[in-house]
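Have a look at the structure below, then the notes.
The values are calculated or read from the model by the stated rules, or taken from the named source; none is laboratory data. What you see is a predicted model, and the numbers here were worked out from it, not measured in a lab. All Cβ positions, even for glycine, are placed from backbone atoms using ideal geometry, and neighbour counts span all protein chains on display. Ligands, DNA and RNA are excluded from the accessible area calculation, which covers all protein heavy atoms including side chains. Shrake-Rupley method; radii C 1.70, N 1.55, O 1.52, S 1.80 Å.
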Amino acid sequence: MPEKNGKAKDEFYEGGKYEPTENKPMLDDEDDVSINRADYTCGLGPLKPKGLQRFANIKLYLVFFNVMAVLVGVEIMFRFADLTTLEKRFGFKTTQSGIIISSFEMGHVFLVIMFSYFGGSSHKPKMLFMGGVILAVSAFVWALPHFLFGSGRDENILGEMAESNNTNIDSGLCEDGAEWRLEACANIAEADKGPDMGGQNNAAYGILLASELLLGVSLAPYLSLGIAYIDENCDPISSAFYVGIAYSIGNFGTVIGFLLAGVFLTMDINLTATDLTPVDPGWLGAWWLGSLLLAVIAFVANVPMFMFPKKLPRSEEEMKEIAKQEAATANIYTIRNFPRLMARLFRNGIFVGASLGMAGVCYIISGCYTFLPKYIETQFGQTASLANILTAVISAFAMSSGCFFGGWVAGRFKLTPYGSIKLLFVTDIISIAGLISLIFVGCPQVEIGGTLGPEGLIDVTQDCNSNCSCGMGYNPVCGENGMNYLTPCHAGCDFGELLEDGLSMVYSNCSCINGLTATSGWCETGCNTMLIVYSIILFVCSFATFTAVSPALSIMLRCVDDELKSLALGVNAALMSLLSMLPAPMIYGVLIDTNCFLWEESCDGEGFCILYNMSAFRQLLHGATAAVQSSSLLFYGLAWYKMRGMTWEEDEDPYEPVSNGDAVGDTIKKEWIDLRTQQKVVGDKLADNKREEVERLNGFEKAGHPSPVWLHQVKSIDASHRHSSEA
């Protein structure tokens with residue numbers, strides 16, 4: 001029986017008797033093959049000691065590949081978790097945050113296709129090493145604004161007041177509002193003789209954009225070449241197992257990233273002792289710390305990848321066969337053939353329908369999940385760290401259990417592409433229904449002292465505080481009347497005192513509360529029950545979405561020709577980026593900003609959004625996602641329409657040998673299956689061999705031998721292959 005990458009025997013039935021013939025090379029009749037043995041030895045440059053070669057194996061490669069894949073996932077989630085803190089620190093709008101996240105997709109969208117098409121002959125481990133180096137540089141660049149521009153604590157007008165150890169606080173109160181504002185801005189200007197705050201924020205914005213672009217570039221080889229290296233260096237069964245492990249472990253990176261970000265954001269931005277706590281509105285966590293540590297870890301953990309060989313060692317015969325196969329396919333994946341193969345792929349209606357459908361479904365990830373921590377903070381009044389941890393828990397369990405369940409259903413019920421498309425319809429409908437229900441799950445609007453102006457913005461200046469000359473600042477207080485106020489000054493308070501716990505402030509003689517008191521922080525909403533309900537429904541939506549991943553991938557791989565499968569994976573990843581991952585954060589960011597009631601003011605003008613229209617935010621986040629996912633039903637319908645009239649084997653697995661007491665028949669079938677496995681390597685030449693094999697099997701049946709089940713399966717597979725090519 002032939003082995004992967006090995007020389008196959010040519011055995012066939014002749015004259016009613018099954019006899020092996022002489023060994024025939026399947027690709028070329030030449031035995032004089034040049035083997036570059038340097039491709040099979042590991043080491044560092046010219047240093048390739050013999051004792052090091054035993055480490056050149058697929059299992060050790062998988063260890064280092066998974067370590068780097070986890071680090072990529074961790075860094076991506078660090079940045080999602082940092083968004084709200086960055087908005088406070090640098091005054092970014094949600095629109096700007098969305099552009100930062102989208103620039104990640106710009107970094108790899110086209111590289112994925114190029115790697116998938118041209119990367120077959122490259123030194124994959126060294127390409128992965130370069131990706132790891134770029135990852136480390138990107139993580140360091142992400143933390144760079146903190147070291148260039150500081151913590152921003154000095155620019156925080158309320159920082160000095162909040163950290164004061166005095167029990168009587170006279171800053172920021174009604175009687176000296178105007179003087180306090182002017183003095184604060186004057187102190188900032190005096191302390192900072194360099195670029196103004198607006199210039200610093202713009203510079204930080206550019207640095208973060210560049211870092212995201214680099215992160216996207218670093219991911220490209222992992223999405224294509226890293227998985228291809230596994231498939232090339234082990235048998236098909238082991239390849240599927242190892243790839244499954246890689247995807248499963250890689251998913252944990254996203255969980256670890258959110259959890260660690262939750263920890264780092266509970267640390268003060270300067271890593272120093274402070275009287276502020278994470279529940280204080282002016283709290284800034286150490287957003288930069290995780291990326292800085294990851295840069296060091298990624299650089300060290302990446303070094304072994306550079307030492308792996310271009311191909312893992314194997315037997316002499318296998319190396320000769322690989323050299324023949326490479327020679328036979330050398331002229332297929334060329335620049336000249338690229339447009340032709342791309343055209344063939346996009347003429348496949350099943351592939352196009354499934355890919356576009358999945359791009360729409362993924363808006364729950366690229367749009368909803370991008371701003372989920374921000375939504376939980378504002379809608380349910382939670383801290384940034386708790387919002388990140390909750391997001392991590394929901395996404396982790398939904399991702400792992402959904403992907404597993406989808407694969408289990410496909411295997412348990414032996415779903416054909418026709419059955420898989422039905423499953424995609426069901427999961428999409430469940431997710432849409434859940435998202436629509438989430439429009440009605442939320443908390444009451446946070447009320448803040450002021451009047452709603454004609455432009456939909458709140459004017460916090462009232463008659464009761466008009467003589468206080470309250471300006472900018474963000475230090476919300478809760479009055480005894482249950483109303484929130486932007487600052488003690490806006491509540492008309494003229495005296496403040498630090499409580500014994502050293503954490504909370506109480507303000508008295510507040511004119512806007514009829515002389516009553518106010519305490520620091522937002523008023524309690526009592527909305528924790530709704531947060532639990534929200535989390536459960538969102539989990540169901542996400543679970544349904546991730547359940548569709550395995551069936552959708554199965555459809556795309558089974559409905560394209562073998563020589564197009566690698567390119568199909570790259571094109572599918574590019575479509576997901578161009579249509580979902582790239583535009584969604586920017587679109588959602590713009591729409592969310594349009595629902596801001598109150599913007600922070602700073603010495604340079606407008607800052608981040610303090611208060612959102614919570615009802616509109618809720619409707620937008622879930623309603624827009626449900627609308628886009630509804631469009632996926634149309635694309636799934638296209639794929640289903642193209643499948644009509646195609647025959648699929650549903651009762652038997654065509655890749656599993658059938659034991660019916662006919663050992664000769666089973667032997668031939670196993671050989672034919674191995675022939676099918678090698679098709680993806682040798683392309684059109686093996687397609688001709690496949691047709692010859694079917695003809696021999698037909699001759700075997702005509703010779704009077706009892707017709708076994710495997711023969712009908714072979715014919716069915718061949719018919720399905722022709723139908724998929726036509727589609």
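Observations on the structure shown:
- Residues Val296 and Gln445, FRET efficiency given R0 of 45 Å [Cβ-Cβ distance, rounded to 0.05]: 0.50
- Surface accessible to a 1.4 Å probe, Glu105 within the full protein complex, Å²: 20
- Distant-in-sequence amide H partners of Phe597 (H built 1.01 Å from N, under 5 Å): Leu611, Tyr612, Asn613
- Given Lys50/Lys310; Lys50/Lys320; Lys50/Lys324, the pairs whose alpha carbons are separated by over 20 Å: Lys50/Lys320; Lys50/Lys324
- Other residues whose C-beta falls under 15 angstrom from the C-beta of Ala246 contribute a net charge of 0, scoring Lys and Arg +1 and Asp and Glu -1.
- Ligands, DNA and RNA are left out, and with a 1.4 angstrom probe the accessible area of the range 529-569 is 35 Å² per residue.
- In order along the range 433-438, the phi-based Karplus estimate (6.51 cos²θ - 1.76 cosθ + 1.60, θ = phi - 60°) of 3J(HN,Hα) comes to 4, x, 5, 5, 5, 5 Hz; Gly and Pro are listed as x.
- With the highest mean first, a sort of the peptides 524-534, 567-577 on other beta-carbon atoms found within 10 angstrom per residue produces 567-577, 524-534.
- Residues with amide H under 5 Å from that of Leu516, placed H, sequence gap 5 or more: Cys510
- Spin-label pair Arg558/Gln619, simplified geometry with 7 Å Cα→Cβ offset, distance in nm: 4.3
- Gain upon complete extension [Val590, Leu578; 0.36 nm per residue less C-alpha separation]: 2.5 nm
- Taking Cys596, Cys403 and ordering them by how much accessible surface each has at a 1.4 Å probe, largest first, produces Cys403, Cys596.
- Greater than 26 Å apart at Cα, pairs in Lys48/Lys124; Lys59/Lys414; Lys48/Lys311: Lys59/Lys414
- Distances between placed amide hydrogens fall under 5 Å for Gly282 paired with no residue 5 or more residues away or on another chain.
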